[in-house]
Amino acid sequence: MSAPPAWETFHESIQGVNKARNQDRCLVQGAGTARDPLILTVADGHGSASYPRSHVGAHYATDLFANRAREFVTSVADRDRAGWRGRLRDYARIGLPERLVRDWQSEVLRHWERDPTPDEDPKSPGPILRLYGSTLIGAVLTPDLFVAWQLGDGELTVVDGDGEVRLPLAPARAELGDETASLCMRNAWRSVRVHWEPLPDPARAPRLVALSTDGLSKSFVSDEGFTEFAAGLHRRLTERGVPGVSEDIPGWLAEASRHSGDDTTLVLARRADGGTADGTTVGTAVGTAVGAAEAPAEAQDEAAGEPAAATEEGAEASADPGGESAGASVEARGEAADESRDDAAEGQGQESGPVDPRIPYCEERERP
């Protein structure tokens with residue numbers, strides 16, 4: 001059996017103009033083997049005055065996703081029991097999202113109990129959760145399986161060996177205005193979109209997997225502009241590798257942030273040619289971005305701080321820097337997670353354990 005491919009990785013985050021704090025977080029871990037999966041995740045704290053602790057919520061989101069992803073890959077490696085793949089797929093679609101949301105909501109409530117502030121005095125758990133609101137995108141890559149999850153805005157972008165750009169977790173319907181799903185919502189796990197893609201032939205595995213917050217995509221005047229950017233990034237990575245492009249990416253993200261007015265974060269993994277399972281990791285952490293080497297307990301020790309700016313001027317999107325686009329594929333190769341989720345959820349309650357009684361919800365969130 002041939003050795004699994006190596007993955008070159010990179011992560012960077014740029015604070016938005018006129019933002020008091022970078023609300024994005026990102027994390028990269030692992031090598032992409034069966035026992036040491038490649039884990040990629042980004043989270044976008046909502047950031048307005050209504051969500052003054054969203055930078056802490058984003059930190060917990062990435063950290064807790066990495067923990068659940070490592071548990072998930074242990075199940076991937078356990079193939080001795082009949083029907084393991086079907087059970088694993090069901091867990092990816094239902095069990096993991098439910099547990100992750102419950103973990104996050106319990107963790108931020110504990111953070112509030114440790115560090116309440118007089119000027120933020122919610123009378124019930126729902127408004128407390130709202131203070132920490134965040135989106136989340138996460139992916140797990142092993143030699144023969146690619147699974148990804150998304151709650152809220154942002155993009156999961158995949159480039160195949162033939163150069164085709166896919167957005168497998170793009171919503172079927174665009175979100176209205178500036179509203180998006182959030183970890184602080186009641187039953188937020190029901191809004192998690194899941195991409196399941198077996199990789200029976202490593203040679204046909206994705207060449208590039210990128211996770212980005214919406215500060216990047218909002219900087220383009222059209223969806224086609226964003227997909228052309230992804231295609232161009234893939235071409236440059238193919239020609240020069242991650243080390244050859246890593247010095248350029250922060251400038252591109254800074255330009256995107258200038259146009260979108262938002263924090264802009266990119267995490268990517270490129271499958272190296274002729275590599276081994278050891279892989280190569282190239283990482284930078286700018287501002288308050290969270291990298292794999294940073295202590296997971298940071299959020300517990302971090303004070304809530306002053307609320308971020310209540311509003312921010314959204315700059316007009318830039319002219320398309322990439323010219324005409326070849327288009328994007330939004331068709332997931334894996335199985336859609338939307339079908340029969342409610343019915344299947346009824347069988348998950350006992351396995352998932354008791355729900356924290358403190359957790360109600362915040363119904364929706366608006367971006368600043």
Accessible area (Å², per residue) of segment 145-260, counting only protein heavy atoms and a probe of 1.4 Å: 39
Segment 143-264 shape via C-alpha gyration tensor axes, a/c threshold 1.5: oblate
Give the separation of the Cα centroids, segment 1-52 to segment 92-168, in Å. 12
Using a 1.4 angstrom probe on heavy atoms only, work out the carbon and sulfur share of the accessible area of segment 1-75 in %. 49
Subtracting the Cα-Cα distance of Arg236 and Asp36 from 0.36 nm times their residue separation yields 69.2 nm
Amide H contacts under 5 Å for Gly32, restricted to residues at least 5 apart in sequence or on another chain and with H modeled in the peptide plane, are Leu38
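For Tyr91, Tyr132, give me the order by solvent-accessible area with a 1.4 Å probe, most accessible first, ignoring ligands, DNA and RNA.
Details: Tyr91 35, Tyr132 0 Å².
Accessible-area ranking of Tyr91, Tyr132, largest first: Tyr91, Tyr132.
Show me the GluC sites (Glu not before Pro) within segment 192-270 that DSSP assigns to loop and that have at most 11 other Cβ atoms within 10 Å of their Cβ.
Passing sites in segment 192-270 are Glu247.
Rank by packing, highest mean first: peptides 140-149, 158-167, with packing defined as the count of other Cβ atoms within 10 Å averaged across residues.
Listed from highest to lowest mean packing, they are 140-149, 158-167.
The values are calculated or read from the model by the stated rules, or taken from the named source; none is laboratory data. Predicted model only: the values in this text are computed from it and were never measured. Cβ: placed from backbone, ideal geometry, glycine included. Neighbour counts: every protein chain shown. We work out accessible area using only protein heavy atoms, side chains counted, and drop any ligands, DNA or RNA first. Shrake-Rupley method; radii C 1.70, N 1.55, O 1.52, S 1.80 Å.
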